[in-house]
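Working notes, beginning with the structure itself.
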């Protein structure tokens, strides 16, 4: 075999390995959150649990889950725009593409048009959308009780304060770093999933359905 053929073969093998590596990209997760603390802290709790569970273990096709969590301080359409820019940035650096992209935000007091446009833009780019109506505190509260009536986000916090007080945890704070651990220790993830399923069946497809899918990380 001549030297030219040898280098061509090496180049071809390198390209093949790179292409095979990129096939594993579906195990890379990007979670882009509206909040800079509350939502990222929750997902960091899940990430830490996964890291502990699979520490020093080979998982999917020889690779571990790669979960990147970004808190932006942006909302609705601007959040989706940021996500698109983040994906483009990763591509420009020739990083492995994210196979699972989540955009996480609250319904809050944004108009239906802003809300629907954000969801449409995300789905157009094949991102998964997780939203709470009207705030992530609803998902937190479902770890303790089923709540069907529509109440303002401030009342979610009042109810969480009641539970935190019962368990001697003081008051609920939005930026608690260990919020995930608190919820699964003093509340019940299984109860939250069951309560969310009840809401989903009652109201049809809604953001809470996506929260159920996020738990499949575990």
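To make sure I understand, if each residue's beta carbon is the centre and we count other beta carbons within 10 Å, what order do 143, 152 fall in, fewest to most?
Details: 143 22, 152 11.
Fewest-to-most Cβ neighbours within 10 Å comes out as 152, 143.
Full extension from residue 147 to residue 114: what is 0.36 nm times the residue separation minus their Cα-Cα distance, to one decimal in nm?
9.3 nm
Coordinate-derived values only; no laboratory data. Because the structure is a prediction, the values reported are computed rather than measured. Note: ideal-geometry Cβ built from the backbone for every residue, glycine included; neighbour counts use all protein chains shown.
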